[in-house]
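Below: the structure, in structure tokens.
The values are calculated or read from the model by the stated rules, or taken from the named source; none is laboratory data. Quick caveat, the model's predicted, so the values are computed rather than measured. Note that we place each Cβ from the backbone using ideal geometry, even for glycine, and neighbour counts take in every protein chain shown. Side chains are part of the model used for accessible areas, which takes the heavy atoms of the whole protein and leaves out ligands, DNA and RNA. Shrake-Rupley method; radii C 1.70, N 1.55, O 1.52, S 1.80 Å.
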Amino acid sequence: MSMATKNTEKISPSPSLIKRGSARPYDPSLTEEKIYKAWERAKAFQPAVKKPRGKKSFSIVIPPPNVTGSLHMGHALNASMQDALIRYHRMKGDDTVWIPGMDHAGIATQNVVEKQLKKEGLTRHDLGREKFIERVWQWKGQSGTTISKQLRRVGSSCDWSRERFTMDKEYVRAVQEAFIHYAKKGLIYRGDRIVNWCPRCASSISDLEVKHEERDGLIYNLIYPLVDGSGSVVVATTRPETMLGDTAVAVYPSDGRYQELVGKKIKLPLTNREIPIVADHAVDKTFGTGAVKVTPAHDQTDWEIGERQKLQVINVIGEDGKMTQAVGLEYVGLPTSEAREKVLQKLQELQLLKGEPEKIRHNVSLCDRCSTVIQPLVSKQWFVKMGPLAKPAIIVAEKDLINFEPQRWKKVYLDWLTGVKDWCVSRQLWWGHQLPVWYCQTGRMTNDDKRMIKTNGHVVFSSVKPKKCLDCGGTDFIQDPDVLDTWFSSALWPFAVFGWPEMTDDLARFYPTSVLATARDIMALWVTRMVFSGLEFTDKNKYLPAKQYGKKNLSQQIPFKNVIIHPTVLNLKGQRMSKSLGTGIDPIDLINQYGADAVRFGLLIQTQQDQQALRFDENAVRVGRNFANKLWNIGKYIGSAKKAKTAPTLFDNWILQRLETVSEEVTVALDEFRFGDATRMLHAFIWDEFADWYIEVSKVPGLTSANVAKDVFKKCLVLLHPFMPFVTEELWKDFGDKKGMLINTAWPKFAKSRKKEIKEIKYFQAIVGELRSIRNLLGIPNGTKPVILLQTERNLKPLWPAIAQLSNFSEVVEKENGAKWVSLPATYCSKIALTTETLSTLPLKERLITMESDTKKAQEEIIKLEQRLIQMGDKAPVNVVQQQRELLVAKKLDLEKQQNGITALDTLIKRI
RNA sequence: GGGCGCAUAGCUCAGUGGUAGAGCGUUGCAUUCACAUUGCAAAGGUCGAAGGUUCGAUACCUUCUGCGCCCACCA
């Protein structure tokens, strides 16, 4: 490597790109990475070491993405919102922190690694648990940084020094602590329950991890003979093989057809068993024959009937999806599909099938992760009792101690918690938090571990292997092989990230958090569980049972004050963005193409209140990119102007007042989480008012002050920074205070505007607009700059140079100084006129047609107004009538001026 | 089956009991100008349908239609 190359590499940090006379347009790829690094170097994302006195804290915990995940548009939107809030509050001077991190995502991650193994022809069982977990950690190390890198690309100002992972040592401790606490409190139990079993994952999965799909199937009618030979009952099923596990036939209690049969017994075909006919309300008497076979072991509803009717439970399908020993030699070991064929064949032989099977479209339950058909079955699982936990979580929402945005989500939250069933928390996976449950192999237990508690059946709850059994002194323990549901650990996220169960400084300082921003699909799965976990575990950070659910107490324990449920990002056709469907867009591709500022801005500007879906339009990102470029060019232009302190002009005062208003509106919008409004307002103000009017006027000498232009621009950069952090930070090098970076600059305070100048400027703008229209209408070539005669209601003489410049006339005059003037159609001006000389060179004939059609429209409007006034009579409020009358007068005047203009032109044409 | 949301310009969406708005797209004009990732101008809408309330409804109420989402045990 030559010395020269080395030297060039050392040239950095550099002055701003503007000063280096950068090529246009603005190129985000030259700035974004450098700026992000500069922020990190400056530790700009970290709060002060100690909490500053008298400062409010503002904290957000990121919804932890799956460790194997990569950024999708939903994440990008999620991050853009959170970062906007974080940057805003940081600038406001709040004690601000944004905690990043990742979720180990039990099933999802395990599946990914299992798929890899499959390619090598291996299963996890070939490796064994330890090796397999090692392998998952390896994969985590490999892919786990992807999403955090991507979050950095977006510009997320997370405090990476506080990054957390749900499988970190400290976090594991929190999870164990929580489980053991529930156990001590008697909220944990183990039982045989019907669960959704995924034969492929070989694990139980929660209701929320099950998806439903409509499929075609066959429904068979089976004939069940009565024991006493007095007849038979016909039952329908889509899964004939489960009949081997039937332990009853159920009918609706008041169903006349079967009244006499209730209490009688059925001789269950293909088995030696006799099963009762029971009456249960769960039966729909209008469906099929009104009699239903009951298989408590393999159907959710049947399980519930079984509970009520005290029925026997016979497991006929095993965890491997094959028939169990319980069915007899003929079927044992058969996959359900084969067992079905065999059962049908047998029944056919016995003439116990009634008619041909019918086609039916029905819902099939599938595993959300691997789309395998769910097999409901009974197995031993650990449960958390939900009743006592849900109650306070319901109360805090009912008392509005949590603010949902949009509000209607409160109902969804409450509905879910109100109907919640006990939570099956055990999963038969290897990747996750292994249950802190130990089974004493000898029978006695000791209590030398503080956290060890005795339960029935020689079970010890402990984070470490117990040393001795309390009762029998046994030292032989086996840990339960199951792991906890991933959501069990995510539920602790808002406080576990701060070091709970230790009473850390961070926990005291940042908990409860300020805002939780998430997509709506994990409302039930996650938000509700964080709330009840928070209420349970953060009572003065001792996580003891909160005895009183008083308002004061609870509000300190709710993990967040605001829940923002943001829209799902869809594509333009309204389809879900999905990699597998090929309907997804990679945000990183967009960032590469347009820059992070553009992507953030483009996403946020498309959001609005109460929206449930966002149809992502790449055009919005282009708007963002163009806007960044516009800022860049404004910067170049204003930066080159000479500094000259002058007394504020009319235009100065106007733009300053508008700025105050916009500052206030943007601030309020941010406080109310209206990101779309905030970005739209800034875009409109900076582009349509500041650039198109103020800066254009500034090209006329003496009408504006350079220092005001700079001040306004500077404030614009501050206001825009939460949304477009990079380009604003880059420009700050030229416009900001020499001392610090924009990220640390104070959010502007605003004063009420007086609005006097605003009316004046509006009038000015209307006149310029009218003149520009006339230019276009008459087809005056751009190169031609005629003199124009103008008479206006207000005295605008000082602004004439500006009017001339902006509407592209050489000069504005007010008196008919000898030349021959022809009046033109006008609305805002009392009189607009051009010389015959100018007009005679123009294609007036064609233009007249357009003008005449315009007058027709005006006439129609007048008629409409007149009719409306008649209709109103004296029934409408006086002020409204008055307003309409004034409107009518104005319209009539406009029409008259237009008609005069047309007549004048017409005369002119005839003369020429 | 229960619940929720949406329907306004070609597209994505604001909005209001009394002139229908933006961005993108389209059309025309403009390139020695900070910016063509630009500027100026313009065209474009029975505000999903039907009733009701009202002097007046795109807006408020009811029903319907279409689309989307969530929850649920239909064999």
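What number of residues in the range A:648-699 are of a type in the set (Val, Ile, Thr) and open to solvent by 10 Å² or more (accessible area, probe 1.4 Å)? Walk me through it before giving the result.
To start, the set of residues in the range A:648-699 that are of a type in the set (Val, Ile, Thr) comprises A:649, A:655, A:661-662, A:666-668, A:679, A:686, A:695, A:697.
Then keep just the ones that are open to solvent by 10 Å² or more (accessible area, probe 1.4 Å); that gives A:649, A:661, A:667-668, A:695.
Qualifying residue count, the range A:648-699: 5.
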Quiz item: Within the range A:733-749, is there a residue that is touching a Phe, Trp or Tyr at 6+ places or on another chain (Cβ under 7 Å), open to solvent by less than 40 Å² (accessible area, probe 1.4 Å) and within 12 Å of RNA strand B (Cβ to nearest atom)?
Solution: no
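Here is a yes/no grid of residues against (1) touching a residue at least 24 places away in the same chain (Cβ under 8 Å); (2) more than 12 Å from RNA strand B (Cβ to nearest atom):
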residue: A:TRP800; (1), (2): no, yes
residue: A:SER810; (1), (2): yes, yes
residue: A:THR827; (1), (2): yes, no
residue: A:THR835; (1), (2): yes, yes
residue: A:LYS845; (1), (2): yes, yes
residue: A:ILE849; (1), (2): no, yes
Self-check item: Output for the range A:242-301, where each listed residue is open to solvent by less than 60 Å² (accessible area, probe 1.4 Å), among the polar types (S, T, N, Q), within 17 Å of A:GLN312 (Cβ to Cβ) and within 12 Å of RNA strand B (Cβ to nearest atom)
Solution: A:THR242, A:THR295
Self-check item: Positions within the range A:75-112 being outside any loop (DSSP other than H, G, I, E, B) and modelled with pLDDT under 90, in sequence order
Solution: A:GLY106, A:ILE107, A:ALA108, A:THR109, A:GLN110, A:ASN111, A:VAL112
Quiz item: Within the range A:483-511, can you find the residues that are charged (D, E, K, R), in contact with a Ser or Thr (Cβ under 8 Å, 6 or more places away or on another chain) and over 30 Å from A:GLN428 (Cβ atoms)?
Solution: A:ARG509
Quiz item: Listed residues A:TRP687, A:TRP654; which is touching a residue at least 40 places away in the same chain (Cβ under 8 Å), within 12 Å of RNA strand B (Cβ to nearest atom) and over 30 Å from A:ILE565 (Cβ atoms)?
Solution: A:TRP687
Self-check item: Single match in A:PHE404, A:PHE383 (criterion: among the hydrophobic types (A, V, I, L, M, F, W, C), within 15 Å of RNA strand B (Cβ to nearest atom) and surrounded by 14 or more Cβ atoms within 10 Å (Cβ to Cβ))
Solution: A:PHE404
Exercise. Report, by residue number, each residue of the range A:165-183 that is open to solvent by 30 Å² or more (accessible area, probe 1.4 Å) and farther than 13 Å from A:PRO501 by Cβ.
Key: A:ASP168, A:LYS169
Quiz item: Would the range A:763-771 turn up any residue that is more than 12 Å from RNA strand B (Cβ to nearest atom) and within 30 Å of A:THR827 (Cα to Cα)?
Solution: yes
Quiz prompt | From A:LEU806, A:LEU790, A:LEU771, A:LEU799, residue being touching a helix residue (DSSP H, G or I) at 6+ places or on another chain (Cβ under 9 Å), open to solvent by less than 30 Å² (accessible area, probe 1.4 Å), hydrophobic (A, V, I, L, M, F, W, C) and not in a helix (DSSP H, G or I) | solution = A:LEU790
Exercise. Determine which single condition A:GLY779 fails, assuming it passes every other condition in (1) among the small types (Gly, Ala, Ser); (2) within 14 Å of RNA strand B (Cβ to nearest atom); (3) closer than 30 Å to A:VAL623 by Cα.
Key: (3)
Self-check item: Test: residue in the range A:885-893 that is open to solvent by 30 Å² or more (accessible area, probe 1.4 Å), within 9 Å of RNA strand B (Cβ to nearest atom) and either hydroxyl-bearing (Ser, Thr, Tyr) or within 30 Å of A:VAL787 (Cα to Cα) (or both)
Solution: yes
Practice problem: Scan the range A:199-224 for residues that are farther than 24 Å from A:VAL378 by Cα and open to solvent by 40 Å² or more (accessible area, probe 1.4 Å) and jot them down. | Solution: A:GLU214, A:ARG215, A:ASP216, A:LEU218
Exercise. Would you mind finding the one in A:LEU603, A:LEU590 that is open to solvent by less than 60 Å² (accessible area, probe 1.4 Å), closer than 15 Å to A:MET724 by Cβ and touching a strand residue (DSSP E or B) at 6+ places or on another chain (Cβ under 9 Å)?
Key: A:LEU603
Exercise. Would you please list the contacts, defined by Cβ atoms under 7 Å and residues six or more apart or on different chains, that run from a residue in the range A:37-66 that is among the charged types (D, E, K, R) to a residue that is assigned to a loop (DSSP other than H, G, I, E, B) and surrounded by 12 or more Cβ atoms within 10 Å (Cβ to Cβ)?
Key: A:LYS55/A:GLY93; A:LYS55/A:ASP94; A:LYS56/A:ASP94
Quiz item: Of (1) under 30 Å from A:SER232 (Cβ atoms); (2) within 16 Å of RNA strand B (Cβ to nearest atom); (3) open to solvent by 60 Å² or more (accessible area, probe 1.4 Å), A:GLU341 satisfies all except one. Which?
Solution: (2)
Practice problem: Would you check if there is a residue in the range A:298-305 being in contact with a strand residue (DSSP E or B) (Cβ under 7 Å, 6 or more places away or on another chain) and either on the phi > 0 side of the Ramachandran plot or assigned to a strand (DSSP E or B) (or both)? | Solution: no
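On the given criteria, is A:ALA669 assigned to a helix (DSSP H, G or I), free of Cβ contacts under 8 Å to residues at least 60 places away in the same chain, over 24 Å from A:PHE651 (Cα atoms) and among the small types (Gly, Ala, Ser)?
yes
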Exercise. Would you please name the residue that is nearest to A:LEU796 (Cα to Cα), looking only at residues in the range A:768-785 that are more than 46 Å from the chain's Cα centre (by Cα) and in contact (Cβ under 8 Å) with a residue 60 or more places away in the chain?
Key: A:LEU771
